[in-house]
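The values are calculated or read from the model by the stated rules, or taken from the named source; none is laboratory data. The shown structure was predicted, so the numbers you read here are calculated from the model rather than taken from an experiment. Don't worry about glycine lacking a Cβ; one is built from the backbone with ideal geometry, like all the others, and counts go over all protein chains shown. What goes into the accessible areas is simple: the full protein's heavy atoms, side chains included, and nothing from ligands, DNA or RNA. Shrake-Rupley method; radii C 1.70, N 1.55, O 1.52, S 1.80 Å.
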Amino acid sequence: AQSVTQLGSHVSVSEGALVLLRCNYSSSVPPYLFWYVQYPNQGLQLLLKYTTGATLVKGINGFEAEFKKSETSFHLTKPSAHMSDAAEYFCAVSDRQNNDMRFGAGTRLTVKP
Amino acid sequence: GAVVSQHPSRVICKSGTSVKIECRSLDFQATTMFWYRQFPKQSLMLMATSNEGSKATYEQGVEKDKFLINHASLTLSTLTVTSAHPEDSSFYICSARGAFFGQGTRLTVV
């Protein structure tokens with residue numbers, strides 16, 4: 001069974017500061033890993049995903065994440081936070097066969113002016 | 001990327017009535033779709049896996065008679081919340097191909 005743990009239910013940064021949202025996964029098979037963003041009362045928007053190949057994955061809106069197998073981590077980063085980045089972020093894992101996705105509890109990102 | 005359309009985006013219904021939510025894959029065929037539920041300020045929880053032409057697979061604790069899933073074609077899966085009650089009020093989201101999600105449906109039962 002797969003699972004995801006997001007450390008920190010709430011992260012607050014200043015505008016222009018580094019964003020780091022942590023995600024650790026557990027999977028008995030090589031995982032697919034995802035980061036999604038959710039704005040209030042909206043669906044999920046895919047930021048980026050790791051399937052195979054390069055472990056540093058670049059996504060939309062300047063976000064990137066690095067798959068570290070040795071640490072079972074897939075942390076999301078952005079060099080400089082923007083006010084529009086304030087939202088809920090979900091890390092998710094799926095197995096390669098079934099595609100059903102398991103989500104972390106989410107991290108609410110607040111960006112202070 | 002693949003597009004998944006979910007309808008309606010918002011619905012208010014009276015307690016005891018049934019509500020149907022549609023999930024369509026617009027530019028691809030999906031033999032499998034997934035239904036999630038999200039309570040306020042919480043994460044998404046997988047409810048069931050919808051399989052085209054066969055019965056859905058429900059997660060533990062999800063009442064299959066309450067949440068009826070039909071996957072009649074390769075582009076459409078429906079979730080019907082039967083005899084809805086206020087505790088069923090939630091945000092329901094479908095997905096296909098694992099990573100592509102519909103816009104979600106906010107269900108409010110009054």
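Of the strands (runs of 3 or more DSSP E) that lie entirely inside segment B:6-52, those containing 1 or more residues that are farther than 16 Å from B:Gly102 by Cβ span B:10-13, B:44-51. Of the residues B:Ser43, B:Ser5, B:Ser9, the single one that is in contact with a Leu (Cβ under 7 Å, 6 or more places away or on another chain), surrounded by 13 or more Cβ atoms within 10 Å (Cβ to Cβ) and under 22 Å from A:Phe90 (Cα atoms) is B:Ser5.
Scanning segment A:54-92 for residues that are surrounded by fewer than 19 Cβ atoms within 10 Å (Cβ to Cβ), assigned to a strand (DSSP E or B) and hydroxyl-bearing (Ser, Thr, Tyr) yields A:Ser73, A:Thr77. Criterion first (touching a strand residue (DSSP E or B) at 6+ places or on another chain (Cβ under 6 Å), of a type in the set (Lys, Arg), under 24 Å from B:Arg37 (Cβ atoms) and modelled with pLDDT of 95 or more) does A:Arg108 satisfy it? Taking the combined requirement at face value, the residue satisfies it. Taking segment A:1-53 as the range and being crowded, with 19+ Cβ neighbours inside 10 Å, more than 10 Å from every other protein chain (Cβ to nearest Cβ), among the aromatic types (Phe, Trp, Tyr) and closer than 20 Å to A:Met83 by Cα as the test, only A:Trp35 passes. Would it be correct to say that A:Thr77 is more than 25 Å from B:Gly104 (Cα to Cα), modelled with pLDDT of 95 or more and of a type in the set (S, T, N, Q)? Considered against the rule, which asks whether it is more than 25 Å from B:Gly104 (Cα to Cα), modelled with pLDDT of 95 or more and of a type in the set (S, T, N, Q), A:Thr77 comes out as yes. Whenever a residue of segment B:77-96 is away from chain A (no Cβ under 12 Å), its partners that are surrounded by 19 or more Cβ atoms within 10 Å (Cβ to Cβ) and charged (D, E, K, R), lying with C-beta atoms within less than 7 angstrom and at least six residues away or across chains, give the pairs B:Val81/B:Asp88; B:Ser90/B:Arg37.
When each of B:Thr57, B:Thr78 is tested for being hydroxyl-bearing (Ser, Thr, Tyr) and either over 15 Å from B:Leu107 (Cβ atoms) or open to solvent by 30 Å² or more (accessible area, probe 1.4 Å) (or both), the lone residue that passes is B:Thr57.
Is it the case that segment B:67-75 has a residue that's over 26 Å from A:Ala105 (Cβ atoms), part of a strand (DSSP E or B), β-branched (Val, Ile, Thr) and away from chain A (no Cβ under 14 Å)? No, because not a single residue in segment B:67-75 is over 26 Å from A:Ala105 (Cβ atoms), part of a strand (DSSP E or B), β-branched (Val, Ile, Thr) and away from chain A (no Cβ under 14 Å).
Consider segment A:93-105 and keep the residues that are part of a loop (DSSP other than H, G, I, E, B) and modelled with pLDDT of 90 or more. The one that is nearest to A:Ser28 (Cα to Cα) is A:Gly104.
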